[in-house]
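Accompanying notes for the structure given below.
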Amino acid sequence: RSEFALKEIMSSGGAEDDIPQAERKTVTDFCYLLDKSKQLFNGLRDLPQYGQKQWQSYFGRTFDVYTKLWKFQQQHRQVLDNRYGLKRWQIGEIASKIGQLYYHYYLRTSETSYLNEAFSFYSAIRQRSYYSQVNKEDRPELVVKKLRYYARFIVVCLLLNKMDIVKDLVKELSDEIEDYTHRFNTEDQVEWNLVLQEVAAFIEADPVMVLNDDNTIVITSNRLSETGAPLLEQGMIVGQLALADALIIGNCNNQVKFSELTIDMFRMLQALEREPMNLASQMNKPGMQESAEKPARRENPHKYLLYKPTFSQLYTFLAASFKELPANSVLLIYLSATGVFPSGRSDSEGPYDFGGVLTNSNRDIINGDAIHKRNQSYKEMHCLHPGDLYPFTRKPLFIIVDSSNSVAYKNFTNLFGQPLVCLLSPTAYPKALQDQSQRGSLFTLFLNNPLMAFLFVSGLSSMRRGLWEKCQDYLRKINRDIAQLLTHSRSIDQSFLQFFGDEFLRLLLTRFIFCSATMRMHKIFRETRNYPESYPQLPRDETVENPHLQKHILELASILDVRNVFLENTLDDY
């Protein structure tokens, strides 16, 4: 019953005997729902992390109970205040759990709209000051709940690019941590300060600022928008494959990270998502909508985010993705990881002879590792070799490797005749740019935000909004032209065209060619290892060294007044 109805009963004379009974029932029902919700929430941890179907009904049940609990405490707030002693931080805890549910649902489905829902619950906690009284209680574990809420809220805001709110939250969190460590003299002070440092570094990772006229920073989003990918024009013959699943793997030793996302993973995941729509207008709650109510547009590809996985973790997730890949679909593997180079000399040139990228080692294997290193004929164990991916080329596979040993994947062989493309980062950057690696890789930045990467290699660190938008328009024109170059090429490998029908892959391919062409024209990128490569190789004269495209890049440089950074007569230099 609503609060109003309860007040009615309490003020009416006739039913006084019922009141304690009704109120007792209210408290009992609330306790039942609270226990049930906690039990279901804790059970989420035991669900398998991979596989897309097993968890959905469990999530649905959990959402149901939390929805009932939330409405119940709203309707019976007064009785619960009086009889149960419901505190505001307890309401905050329920809201926080619902926010976490939506966030985890986003992680499992890759549907960005659920981030908006998580944001609205987290935001309500802050606006209604649910946790404000926690500091008056002498219980450090309650303060930790509050600090964790802040950390979770920050992750959601970062993913939604709400940087202005992130900055406010960081300031509030910093004050809360100071107060907490001052009052309780705890041992986890160092950990919480590390959280602050990590998020501060994460916010600063973008190398270029876009500014409004009043010098406030413009927040740019790099998710796929309606106008994002170049449209397919008439006469373009491309495949009908759709990107359905992606593994985003981050294992760089010294890269900026927050929570379990490196900056490269963060940028890549946004390149594989559409701009979030508001969920309220679309559906009621996750897993509950009828197919008729589903949004008309295509969903985001499903993603697994793997931070520093071991080889066995990586292989398990890869196998799960492979197994569940629908017909006519593509699996994308993105590897941002430290390079592992072969230790010994090998006479053969097989898929295990060039090293690969690092996988995490569980500490207990390290002794075994040392033994292997003595014998030069053994291969590196904590390494994803190109040969490790061979079994998965039985289905269409799109691989992006951002690593100092990306070229190991140039020696791929297409054994099964399925569409297969590898986009490979430069293995080294010119000295002038090298100190930037901590703030994320330049190659991944080009795939996520090509204009920002272009400005960065041109030596610019800030830009007015008007000029930024003008350049973005010009870049869209360049992307359209690259799409035409690719689809009109006579000698291009068919794999590129088979992937070109998918919006996300089309955008990644056009950005890759823009990145490669830019680096090849840049005055300080002079060594072969400074350039991206691909398997199969692209016909250079028709793509990355095409005179028409080079003219466009010089034109973009002219708009920005940085033409002197690029070679004018590149064609003569080759």
If the Cβ limit is 7 Å and pairs must be 6+ apart or interchain, which residue in the stretch 174-194 that is within 15 Å of GLU141 (Cβ to Cβ) pairs with which residue that is charged (D, E, K, R)? GLU176/LYS146
Return the only residue of ARG83, ARG152, ARG183, ARG139 being modelled with pLDDT of 95 or more and either touching a strand residue (DSSP E or B) at 6+ places or on another chain (Cβ under 9 Å) or of a type in the set (Lys, Arg) (or both). ARG152
Positions within the stretch 138-157 being touching a residue at least 24 places away in the same chain (Cβ under 8 Å) and farther than 19 Å from GLU191 by Cβ, in sequence order: VAL156, CYS157
Has the stretch 445-468 got at least one residue that is closer than 15 Å to ASN546 by Cβ, touching a Lys or Arg at 6+ places or on another chain (Cβ under 9 Å), outside the structural domain of PHE202 (by the TED database) and open to solvent by less than 10 Å² (accessible area, probe 1.4 Å)? no
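Answer yes or no as to whether GLU542 is in contact with a Ser or Thr (Cβ under 6 Å, 6 or more places away or on another chain), on the phi < 0 side of the Ramachandran plot and open to solvent by less than 50 Å² (accessible area, probe 1.4 Å).
yes
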All but one of (1) open to solvent by 20 Å² or more (accessible area, probe 1.4 Å); (2) in a loop (DSSP other than H, G, I, E, B) hold for GLN438; state the number of the condition that does not hold. (2)
GLN197 being in a helix (DSSP H, G or I) and either assigned by the TED database to the domain that holds ALA151 or under 21 Å from ASP402 (Cα atoms) (or both): yes
Does ALA320 meet the test of being among the small types (Gly, Ala, Ser), modelled with pLDDT under 80 and part of a helix (DSSP H, G or I)? no
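Taking SER441, is it farther than 21 Å from PHE514 by Cβ, touching a strand residue (DSSP E or B) at 6+ places or on another chain (Cβ under 9 Å) and among the polar types (S, T, N, Q)?
It is false that SER441 is farther than 21 Å from PHE514 by Cβ, touching a strand residue (DSSP E or B) at 6+ places or on another chain (Cβ under 9 Å) and among the polar types (S, T, N, Q).
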Among the residues of the stretch 287-316, count how many are at pLDDT 50 or above and acidic (Asp, Glu). 1
Test of understanding: among VAL421, VAL407, which residue is among the hydrophobic types (A, V, I, L, M, F, W, C) and either surrounded by fewer than 19 Cβ atoms within 10 Å (Cβ to Cβ) or closer than 21 Å to ASN253 by Cβ (or both)? VAL407
Considering only residues that are under 17 Å from the mean Cα position of the chain (by Cα) and either assigned by the TED database to the domain that holds CYS422 or open to solvent by less than 30 Å² (accessible area, probe 1.4 Å) (or both), which ones fall in the stretch 223-243? ARG223, LEU224, LEU243
Identity of the residue in the stretch 65-93, open to solvent by 10 Å² or more (accessible area, probe 1.4 Å) and of a type in the set (Val, Ile, Thr), that ends up nearest to ASN161 (Cα to Cα): THR67
Considering only residues that are in contact with a Pro (Cβ under 9 Å, 6 or more places away or on another chain) and assigned to a helix (DSSP H, G or I), which ones fall in the stretch 109-154? THR109, SER113, TYR114, LEU115, ASN116, GLU117
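Do the conditions hold for LEU397, that is, is it of a type outside the set (Gly, Ala, Ser), under 22 Å from ASP493 (Cα atoms) and in contact with a Ser or Thr (Cβ under 6 Å, 6 or more places away or on another chain)?
No; evaluated as a whole, the condition is false for this residue.
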Is there a residue in the stretch 191-198 that is within 22 Å of ARG267 (Cβ to Cβ) and under 17 Å from the mean Cα position of the chain (by Cα)? yes
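The values are calculated or read from the model by the stated rules, or taken from the named source; none is laboratory data. On a predicted model such as this, the values are computed, not experimentally measured, just so you know. Glycine also receives a Cβ, built like all others from the backbone with ideal geometry; neighbour counts cover every protein chain displayed. For the accessible areas, the whole protein counts, side chains as well, though only heavy atoms, and no ligand, DNA or RNA atoms are used. Shrake-Rupley method; radii C 1.70, N 1.55, O 1.52, S 1.80 Å.
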